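Please read the structure below before turning to the comments.
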Amino acid sequence: MAYFHGCAANYFDDGVGDAVIEVLKKHGEEPALPPQRCSGTPIQTYGHVDLVRDGARFNMRSFASYETIVTGCASCTLMLKDYPTLFAEGPERVQAESLAKKVVHISEFVARSQQQPPMAQGFGGTQRVTYHASCHLRAAGVSKEPRQVLSSLPGVSFVEMQDADRCAGGAGTYVIKDYDTSQKIFDRKALAITKTGADVVATSCPACMIQLKNGLRESVQVKHVAQLLQDAYRAGEAEQR
């Protein structure tokens with residue numbers, strides 16, 4: 001098994017990468033961290049298709065020997081699964097299709113895992129948690145698993161927000177290019193979150209986390225699904241001591 005950490009986990013100080021690795025270890029996996037380049041999402045957005053292909057070739061070679069490729073980033077998940085669209089029929093297309101079939105988001109991995117690491121009952125006190133479904137993770141076909149994982153956390157009351165799958169307005173660099181419009185889009189998301197009465201809004205996308213944290217400030221905690229799992233597993237260990 002390998003972990004495709006992507007640029008966000010490598011460069012953002014948000015703790016998501018550490019949380020994904022810790023969760024995998026709790027499920028008995030010691031993920032490899034092979035050399036890797038950007039999945040290609042931001043590069044493709046700016047139209048540099050040749051650079052995207054170059055990065056894809058590097059990643060396909062680097063991850064070829066692994067049976068499972070776990071991701072924690074929604075955008076990376078979608079891009080890696082879309083690698084076959086970058087190549088015409090031929091050996092590279094076959095390699096891209098092989099890689100795409102191996103990609104599993106951390107929420108999918110946990111939802112399917114046969115192991116059930118101990119979690120503390122009410123690990124952080126009773127928390128009301130809602131979920132923001134990032135656009136890229138939904139496009140990658142991952143929708144029910146994050147909700148399944150959140151609903152399984154002891155001491156957590158999971159509540160679905162209205163329009164959970166509506167974009168929060170971050171959209172990569174859009175929040176920088178057109179901040180005012182980005183925040184107008186976020187206003188609707190903020191209202192939906194507030195209506196749930198949630199203490200925590202969880203998501204599966206580091207980029208969405210930036211937009212959520214910026215818009216919500218400290219009124220509601222923002223956490224990656226892997227970070228909530230990390231909290232629950234750590235509390236479970238402490239409870240057993």
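Computed values, structure above
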{"read-out": "Surrounding net charge for residue 210, when Lys and Arg each add one and Asp and Glu each subtract one, Cβ distance under 12 Å", "value": "-1"}
{"read-out": "FRET efficiency, 1/(1 + (r/R0)^6) with R0 41 Å, evaluated for residue 234 and residue 51 via beta carbons", "value": "0.55"}
{"read-out": "Residue-span extension gain [residue 89 to residue 187] - 0.36 nm each, minus C-alpha spacing", "value": "30.8 nm"}
{"read-out": "Exposure proxy ranking, count of Cβ atoms within 10 Å, fewest first, for 161, 79, 209", "value": "161, 209, 79"}
{"read-out": "Proximal lysines to residue 101, defined as alpha-carbon separation beneath 20 angstrom and excluding residues fewer than eight positions away on the same chain", "value": "81, 144"}
{"read-out": "Listed values (i) 16.9, 47; (ii) 17.9, 56; (iii) 16.9, 55, entry calculated as Rg and Dmax of the Cα atoms in Å", "value": "(ii)"}
{"read-out": "Within the chain, helix-based [θ] at 222 nm, where runs of 4 or more DSSP H residues each add -39,500 (n - 2.57), nearest 500", "value": "-15000 deg cm²/dmol"}
{"read-out": "Chain lengthening between residue 157 and residue 64 when straightened (0.36 nm per residue, less Cα-Cα)", "value": "29.5 nm"}
{"read-out": "Burial ordering of 153, 51, fewest other beta-carbon atoms within 10 Å first", "value": "51, 153"}
{"read-out": "For the chain, share of DSSP beta bridges that run antiparallel, in % to the nearest 5", "value": "0 percent"}
{"read-out": "Largest to smallest principal axis extent of the C-alpha atoms in the range 2-111, angstrom", "value": "40, 27, 23"}
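Read-outs: derived from the displayed coordinates by stated rules, not from any lab. Predicted model only: the values in this text are computed from it and were never measured. Because the Cβ atoms are built from the backbone with ideal geometry, glycine has one as well, and the counts that use them run over all protein chains shown.
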